[in-house]
Amino acid sequence: MRYIIYTFCYETPHFETDLEIAKSLINEGHEVFFLTCNEELKSCFLNPEHSKLICRVCKSKIKNGIEYIQTDKQQILTFKKGGFPVPGFDDINTIQDLTKFSYKGCDIGLGVISSLVSATRDHLFNINHYKDKVFSGLETSILVYENFKSIIESYKPDGVILFNGRFLETKPVIHLCKEYGVKFFTHERGGQVNRFMFRENSTPHSLDFARKEIDSLWGYGGEEKCKIGERFFEERRNKVQQNWFIYTDNQVDNKLPLNFNKSKINIAIFNSSIDEYVTIPDFTNKIYKDDNDGIRRLCESFKDNQEVHFYLRNHPNLRNLDTSQTREINSFKNIFKNLTVIDSKDDIDSYYLMEKVDMIVTFGSTMGVEALYWGTSSMLLGEAYYSNIGGLIKPATHEEACILISKPKKLNSSEKALNRKNSIKFGYWSLMYGEPFRYFKPSGLFKGNFTGK
């Protein structure tokens with residue numbers, strides 16, 4: 001069978017994952033082509049500014065890596081140079097306009113938003129300030145569309161493999177695969193540094209895929225699956241690195257906010273970085289516009305209730321950011337007396353706070369399922385990979401959420417035990433999803449060697 005691996009991200013371990021997959025396919029007797037960039041993409045995930053230095057590093061690393069698996073030069077495909085017009089660009093004045101922008105049926109506008117949100121870390125970036133970036137992003141997407149259309153017609157691949165799938169340089173590829181009936185495969189980091197996620201005809205952000213995978217992995221799990229599931233939660237609390245940064249390393253054990261009042265109904269809100277999910281349709285909130293909207297409405301609904309106090313534990317990934325999300329959160333400090341905002345850099349112990357409040361509220365943060373493991377009532381007001389796990393409180397409306405918050409349920413020992421049992425299933429998936437590397441040996445989040453090099 002014939003496969004095309006679209007290699008555009010030189011960052012470790014993503015490029016090494018391309019090589020890992022390629023070597024496995026070649027060893028199985030398949031024909032493998034690489035589609036690479038030779039500076040034709042004016043904007044991409046790792047180089048939105050189109051820095052010549054980054055381009056040289058990227059080209060050098062990809063060239064060397066492909067040589068390691070002894071690929072014939074005729075099997076390295078590139079994009080044809082040349083600018084493409086961006087019809088309708090002058091009509092784009094708002095993010096909403098860009099959201100609706102499409103090219104030959106492909107929603108390239110959404111891909112450009114996804115890339116720019118990641119680059120700026122702001123889900124409501126000023127589109128007029130970044131108008132040149134919007135143009136180069138759309139121009140790049142159209143270039144990818146037209147080039148890949150020719151490639152897919154000429155080479156007729158049986159499958160196409162690429163990293164992630166939500167960015168401006170990948171949206172057209174997935175769209176064309178679907179249009180031509182070609183299987184596509186996406187990859188990302190796995191549950192641990194020695195594993196990589198690999199999904200057929202799906203992206204890493206698919207809630208439906210993840211929920212089915214949680215069930216299937218648990219079903220195939222061995223005798224150690226409960227211990228492995230428990231290890232996920234224990235390691236996170238004990239600041240052990242799994243597949244990403246440790247966000248709690250500066251927190252002081254058992255430290256609570258100075259104004260914590262045990263006599264009140266205390267609710268801890270653990271928010272998320274809105275920029276991480278805002279462009280992913282599966283994560284569209286059915287109750288609120290986003291996390292900030294939910295926080296605002298909850299505080300407004302209880303502003304005259306002296307018995308309820310909210311503690312917002314700002315996500316550590318918002319540290320040192322000056323964005324639409326963080327500016328609005330800072331404004332809450334002066335508006336709501338019933339809200340204590342805990343800064344992302346604050347050394348308050350998130351887990352101890354979780355245990356001491358009457359209920360926690362999340363919009364998709366993993367803390368929502370961690371609370372189940374540690375015995376705290378957990379309300380989910382958004383979408384999450386773990387939303388099908390039993391024990392979660394999932395109101396359908398804001399009004400229902402307020403009723404449940406005003407009288408938080410006290411869990412008895414048997415309910416806590418059941419919630420912990422349910423959560424372990426998610427913990428097992430969190431560590432075990434993905435395929436183990438065979439040729440790539442990671443030595444950290446961004447380091448490792450491929451076949452000894």
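The values are calculated or read from the model by the stated rules, or taken from the named source; none is laboratory data. Computed from a prediction, not measured in an experiment: that's the story for all the values here. Note that each Cβ is placed from the backbone with ideal geometry, even for glycine, and that neighbours are counted across all protein chains shown. Calculation scope for accessible area: heavy atoms of the full protein, side chains included, ligands and nucleic acids excluded. Shrake-Rupley method; radii C 1.70, N 1.55, O 1.52, S 1.80 Å.
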> Once the dipole of the chain is set up with Lys and Arg at +1 and Asp and Glu at -1 on Cβ about the Cα centre, which of GLN325, TYR130, PRO157 lies farthest towards its positive end?
Replying inline: GLN325
> Around LYS239, with a cut-off of 14 angstrom between Cβ atoms, what is the net charge of the other residues, counting Lys and Arg +1 and Asp and Glu -1?
Replying inline: -4
> Excluding ligands, DNA and RNA, what is the solvent-accessible area per residue of the chain at a probe of 1.4 Å, expressed in Å²?
Replying inline: 46
>> Can you work out the Karplus-derived ³J(HN,Hα) for every residue in the stretch 279-288? Use 6.51 cos²θ - 1.76 cosθ + 1.60 with θ = phi - 60°, whole Hz, and x for glycine or proline.
In response: 9, 9, x, 4, 9, 5, 6, 8, 10, 10
> Which is the longest stretch in the chain that no exposed loop site breaks, taking sites as chymotrypsin sites (Phe, Trp or Tyr not before Pro) with a DSSP loop state and at most 11 other Cβ atoms within 10 Å?
Replying inline: 1-243
>> Net charge within 12 Å of GLU16 by Cβ-Cβ distance, Lys/Arg positive one each and Asp/Glu negative one each, not counting GLU16 itself?
In response: +4
>> Loop-only trypsin sites (Lys or Arg not before Pro) in the stretch 401-449, please: DSSP not H, G, I, E or B, and at most 10 other Cβ atoms within 10 Å.
In response: LYS410
> Sequence-distant or interchain residues sharing an amide H contact under 5 Å with ARG195, placed H: which?
Replying inline: GLY190, PHE437
> Once Rh is set to the Kirkwood radius over Cα pairs, what Stokes-Einstein translational diffusion coefficient, in µm²/s, holds for the chain at a temperature of 4 °C and a viscosity of 1.567 mPa s?
Replying inline: 55
> In terms of modelled amide H atoms, which long-range or inter-chain residues lie less than 5 Å from the amide H of PHE184?
Replying inline: VAL160, ASN201
>> Suppose a student asked you for the relative contact order of the chain, using Cα pairs under 8 Å spaced at least 6 residues apart; what percent would you report?
In response: 17
>> If you roll a 1.4 angstrom probe over the protein chains with everything in place, what fraction of the accessible area of the stretch 43-195 belongs to carbon and sulfur, to the nearest %?
In response: 50
> Once both axes come from the Cα atoms, what is the angle between helix 413-432 and the longest principal axis of the chain, in degrees from 0 to 90, rounded to 10?
Replying inline: 20
> Looking at the chain, which longest stretch skips every one of the GluC sites (Glu not before Pro) that is in a DSSP loop with at most 14 other Cβ atoms within 10 Å, leaving the sites themselves out?
Replying inline: 50-222
>> Within 11 Å, Cβ to Cβ, of SER365, how many net charges do the neighbouring residues add up to if Lys/Arg are +1 and Asp/Glu are -1?
In response: -2
> Which order do ARG56, ARG327, ARG2 take by accessible area at a 1.4 Å probe, largest first?
Replying inline: ARG56, ARG327, ARG2
> Whose amide H sits under 5 Å from the amide H of THR340, counting only residues 5 or more places off or on another chain, with H placed in the peptide plane?
Replying inline: PHE310, TYR311, LEU312
> For the stretch 332-342, what does the Karplus curve 6.51 cos²θ - 1.76 cosθ + 1.60, with θ = phi - 60°, yield as ³J(HN,Hα) per residue in whole Hz, taken in order and with x for Gly and Pro?
Replying inline: 4, 4, 8, 9, 10, 6, 8, 10, 10, 8, 9
>> Given the DSSP H assignment, sum -39500 (n - 2.57) over each helix run of at least 4 residues in the chain and divide by its residue total; what's the result at 222 nm in deg cm²/dmol, nearest 500?
In response: -12500 deg cm²/dmol
>> Can you compute 3J(HN,Hα) from phi for each residue in the stretch 358-372, using the Karplus curve 6.51 cos²θ - 1.76 cosθ + 1.60 with θ = phi - 60°, rounded to whole Hz and x for Gly and Pro?
In response: 7, 6, 10, 10, 10, 10, x, 4, 4, 4, x, 8, 5, 4, 4
